[in-house]
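*Asks:* Please see the structure below; I have some questions.
Only the coordinates and a few stated rules stand behind these numbers; no lab work does. This one's a predicted model, so the numbers in the text were calculated from it and none came from an experiment. Cβ coordinates were reconstructed from backbone atoms using ideal geometry, including for glycine residues, and neighbour counts include every protein chain displayed.
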Amino acid sequence: MGILRTEKLTYVYGEGTPFRKVAVDSVDIDIAEGEIVGIIGHTGSGKSTLIQHFNGLLKPTSGKVFVDGEELFADKSRLKEIRFKVGLVFQYPEHQLFEETVYKDIAFGPKNMGLSDGEIDRRIKETARLVGLSPDLLEKSPFELSGGQKRRVAIAGVMAMEPKVLILDEPTAGLDPRGRDRILGLIKEYHAEKGTTVLLVSHSMEDVARTVSKILVMNDAKVFMYSDRSSVFARADELTAMGLTVPQVTRVFDRLRAMGIEFDDEVFSIDYAKDLVLRLLKEREKKVD
């Protein structure tokens, strides 16, 4: 049994009204502990509604949600404790910053958990290190920071709660390329160091391809596919038909393959593409010699 699991999960907006809409339709998924998973889908596919069920922000219209083996709404007395296991970072989380200092903003979640001052201090300093915030920034107002720094403060506030599952909804939205790379880098470093299950919701195939090991594809309120990157991107035509695209570099190498140039692996990133081309050129040079 995975860390996150659903059974026939269905959620309907506007039930009993003319505006009724099924946002999630009989979804069965099982996400293993320690995975780093990308969730993709066109606007309105159901991905944002789905993730809001994992920490109880939404209650299923029907079906069940399990977190770390416990059904989320089975026992109301356990709901708060189970919710602490799943940290959810919304799109543009820096808009939720409100404390006088960065330190206090990161401390907000751990304080709500009833932790001791010493444990809160430990978590703040460790999380600040993880997201690349220097100690001198902790006593500054979050509103004095750059956009990228604010984003990292907001993410640190959720990480400091040390959830078993970290969910990030479009964490690179609105950032410049440098800021985007910084956020994706810290997500990968956090996952590598903590081993926490991470779910990354994104419209950017490039971001997903660079960061995750498995991909959950949502389409019209249902799960279209949940598999490794190679299996998902191998169905490029179907993804395109539903309004999604594979990374540009993958499309380039698919075209080369169609022209008769064989590659052993699927190509998802520029760095890997560069290494692959250099390796092939060296092999060709050896054959010529």
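*Asks:* Once both axes come from the Cα atoms, what is the angle between helix 270-288 and the longest principal axis of the chain, in degrees from 0 to 90, rounded to 10?
*Replies:* 20
*Asks:* In whole Hz, what ³J(HN,Hα) sequence does the range 110-120 give by Karplus (6.51, -1.76, 1.60; θ = phi - 60°), x for Gly and Pro?
*Replies:* Values per residue, Gly and Pro as x: x, 4, 5, 7, x, 7, 6, 4, x, 5, 4 Hz.
*Asks:* When a footprinting reagent is the concern and you count Cβ atoms within 10 Å, what order do H191, H53, H95, H203 take, fewest first? Mind dumping the intermediate values first?
*Replies:* Values: H191 20, H53 24, H95 10, H203 15.
Starting with the residue having the fewest Cβ neighbours, the order is H95, H203, H191, H53.
*Asks:* Could I ask something else about it? Going highest first, how would you order 106-112, 75-81 by mean Cβ packing within 10 Å?
*Replies:* Working: 106-112: 19.0, 75-81: 10.4.
Descending mean neighbour count gives 106-112, 75-81.
*Asks:* Straight-line reach only, C-alpha to C-alpha below 18 angstrom: list the aspartates and glutamates that K282 could link to, leaving out same-chain residues fewer than 8 apart.
*Replies:* E262, D264, D265, D271
*Asks:* So what is the calculated 222 nm ellipticity per residue for the chain, using -39500 (n - 2.57) for each DSSP H run with n of 4 or more, over all residues, to the nearest 500 deg cm²/dmol? Don't jump to the answer; show the numbers that get you there.
*Replies:* On the way: 11 runs with 117 residues, N = 289.
After summing the helix terms and dividing by residue count, I get -12000 deg cm²/dmol.
*Asks:* If you don't mind, another one. Students often get this wrong, so check it: of K80/K188; K222/K274; K188/K222, which have C-alpha atoms separated by over 30 Å? Intermediate values should be presented prior to the final figure.
*Replies:* Working: K80/K188 28 Å; K222/K274 36 Å; K188/K222 28 Å.
Too far apart for the 30 Å limit: K222/K274.
*Asks:* Let me ask another. Between L216 and residues 5 or more places away or on another chain, which pairs have amide H atoms under 5 Å apart, with H built 1.01 Å from N, and which residues are they?
*Replies:* G38, I39, I40
*Asks:* Shifting gears a bit: So which residue, out of V24, V249, V102, gets the largest mean-square fluctuation from a GNM of the chain using Cα contacts under 10 Å as springs?
*Replies:* Ranking V24, V249, V102 by mean-square fluctuation puts V249 first.
*Asks:* Follow-up question, since we're still on this one. Sort F84, F253 so that the residue with the fewest other Cβ atoms within 10 Å of its own Cβ comes first and the one with the most comes last.
*Replies:* On the way: F84 15, F253 21.
With the fewest neighbours first, F84, F253 line up as F84, F253.
*Asks:* Expected output is a single nm value to one decimal: the length gained when fully extending between K76 and R284, i.e. 0.36 nm times separation in residues minus the C-alpha distance. What is it?
*Replies:* Details: separation 208, 0.36 × 208 = 74.88 nm, distance 6.50 nm.
That works out to 68.4 nm of additional length.
*Asks:* Pop out the ³J(HN,Hα) list for the range 219-228 in order, Karplus 6.51 cos²θ - 1.76 cosθ + 1.60 with θ = phi - 60°, rounded to Hz; leave Gly and Pro as x.
*Replies:* 8, 6, 6, 10, 7, 7, 6, 9, 7, 6
*Asks:* Computed from the coordinates I sent, Rg and Dmax of the Cα atoms in Å equals one of (i) 22.8, 77; (ii) 18.0, 55; (iii) 21.0, 75. Tell me the label.
*Replies:* Only one listed value fits the structure, namely (iii).
*Asks:* Once you charge only the Cβ atoms, +1 for Lys and Arg and -1 for Asp and Glu, what is the size of the charge dipole of the chain about its Cα centre, to the nearest 20 debye? Don't skip to the end; give the middle numbers.
*Replies:* Numbers: 42 positive and 46 negative charges, 50 e Å.
Roughly 240 debye, rounded to the nearest 20.
*Asks:* Ranked by Cβ crowding within 10 angstrom, fewest neighbours first, how are M161, M1, M218, M259 ordered?
*Replies:* Working: M161 20, M1 10, M218 25, M259 7.
Lowest to highest Cβ neighbour count: M259, M1, M161, M218.
*Asks:* Using label points projected 7 Å from each Cα along Cα→Cβ, tell me how many nm separate L276 and M242, to one decimal.
*Replies:* Result: 2.3 nm between the two label points.
*Asks:* Set the Förster distance to 22 Å, then compute FRET efficiency between K140 and H95 from the Cβ-Cβ distance, nearest 0.05.
*Replies:* Details: r = 18 Å, r/R0 = 0.83.
Taking R0 as 22 Å, the efficiency between K140 and H95 is 0.75.
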